[in-house]
Amino acid sequence: MKITEIRVYQVDLPLKEGRYAWADGKFVEVFDSTVVAISTDEGITGYGEVCPLGPFYLPAYGPGARAGIGELAPHLFGEDPTAIARINAVMDRALLGHPYVKSPLDMACWDILGKVTKQSVAQLMGGRFGESVELYRAISQQPAAEMAKNVAGYREEGYRKFQLKVGGRVADDIERIRAVADRLGPGDILVADANTGWLAADALRVANAVENLDVFIEQPCVAYANCLAVREHISLPFILDENIDGVDTLLRAYADRAMDAVNIKISKVGGLSKARQIRDLCVTLGIPMTIEDSWGGDIITAAIAHLAHSTPERYRFSSTDFNSYVTVQIAEGAPQRIEGRMQASQEAGLGIEPITAALGEPVALYRA
Ligand code: MG
């Protein structure tokens, strides 16, 4: 089987809440998502998606994804999409870095491999553990009372895990964490995610002020060394996200005892193949994971579900159903949240079928 054509679509994904805001005054109102369709000489097509969290969260942005796919496409023609390690080697040789560009292409190859073998991606990645995957809800940064109200509302919808967007002024963040903690029930999980927005001293002041609460602190500072310094001085459980972008950073952080859990974002690490490698390593090392992506629509949500559902439950800290945050549906068959949980499809591949009208015309088409 050979890759013969790659089509690229651009889709705007507006937010139901209108705006998603996090540290340092950053926000997004309409997400710029990119969908790829890889076609083969045997008539099978696979789909992938990449959706950066705006242009200023990770070194990734929508037009960059599309330019990078154009760079990679000529290298992929004639390659067998089911030989996924080889596909990744070809991409890594042709374009240094730019993991998020490679993510939708790798994802589409997994979709093809599943369709060819008539197995779901979750099955190909090890088989499903448990009936469903527990989800967290990200709570956009707002005044404390608004965030507490939103948590109460999402709790009504069945969520039991909440990730507060903090990383603002110390006094405000302390108030946010306290206000939300007040609305939680026994067993609920609360994470205060600063998204690199604090200086080390800010992080210490917030953590000291809420140390009597059951809350995780996530990615306080930009630099890994500063996160480690904070980690070494506080008693609260600690999560790393932005600093963990591959096996080398994971192993360094593990050796430094720098975290209690990590966030694996599919596009941050370069696709499902590399995310699976890190996932398997975390299982072996005993590190719980949030398995997710930077953002996305139905196709990314499906990919998250397959990777998460094929992860032993003990190591699943949480996952995200991004398709429930946005107003546009781009595929049929994607996971739908029920009581704060979702399931990976048992259909072949990712188990999704794009909605042609939602994708529109391709913005780029590459042919062998
Ligand atoms: Mg995070």
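Screening Val230, Val206, Val215 for residues that are over 24 Å from the mean Cα position of the chain (by Cα), within 16 Å of the ligand (Cβ to nearest atom) and either closer than 22 Å to Asp182 by Cβ or assigned by TED's automatic domain parsing to the domain that holds Asp24 (or both) leaves exactly one candidate, Val206.
Given the condition among the β-branched types (Val, Ile, Thr), open to solvent by 40 Å² or more (accessible area, probe 1.4 Å), more than 14 Å from the ligand (Cβ to nearest atom) and touching a residue at least 12 places away in the same chain (Cβ under 8 Å), answer yes or no: does some residue in the range 240-248 qualify?
So in the range 240-248, the residues among the β-branched types (Val, Ile, Thr) come out as 244, 247.
Restricting the remaining residues to those that are open to solvent by 40 Å² or more (accessible area, probe 1.4 Å) gives 247.
If we keep only those that are more than 14 Å from the ligand (Cβ to nearest atom) too, we end up with 247.
Next, from what is left, pick out any that are touching a residue at least 12 places away in the same chain (Cβ under 8 Å): 247.
The answer is yes; a qualifying residue exists.
Residues that are within 16 Å of the ligand (Cβ to nearest atom) and not β-branched (Val, Ile, Thr) within the range 285-307 comprise Pro288, Met289, Glu292, Asp293, Ser294, Trp295, Gly296, listed in sequence order.
Per-residue answers, yes or no, for (1) within 14 Å of the ligand (Cβ to nearest atom); (2) assigned to a strand (DSSP E or B); (3) assigned by TED's automatic domain parsing to the domain that holds Asn263:
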position: Arg155; (1), (2), (3): no, no, yes
position: Gly167; (1), (2), (3): yes, no, yes
position: Arg176; (1), (2), (3): no, no, yes
position: Ala192; (1), (2), (3): yes, yes, yes
position: Pro220; (1), (2), (3): yes, no, yes
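Go through the range 100-158 residue by residue and tally those that are crowded, with 17+ Cβ neighbours inside 10 Å and closer than 30 Å to Gly70 by Cα. Residues meeting the conditions: 23. The set of residues from the range 31-52 being over 30 Å from Ile217 (Cβ atoms) and of a type in the set (A, V, I, L, M, F, W, C) comprises Val35, Val36, Ala37, Ile38, Ile44.
Among the helices (runs of 4 or more DSSP H) contained in the range 268-361, which hold 1 or more residues that are open to solvent by 10 Å² or more (accessible area, probe 1.4 Å) and without any contact (Cβ under 8 Å) to a residue 24 or more places away in the chain? So that I can check it myself, show each step before the final result.
Working: elements: 272-285, 298-309, 356-359.
So the answer is 272-285, 356-359.
The values are calculated or read from the model by the stated rules, or taken from the named source; none is laboratory data. Since the model is a prediction, treat every value here as computed from it, not as a measurement. As a convention, Cβ positions derive from the backbone with ideal geometry for all residues, glycine included, and neighbour counts pool all protein chains shown. All accessible areas refer to the heavy atoms of the entire protein, side chains included, with ligands and DNA or RNA removed. Shrake-Rupley method; radii C 1.70, N 1.55, O 1.52, S 1.80 Å.
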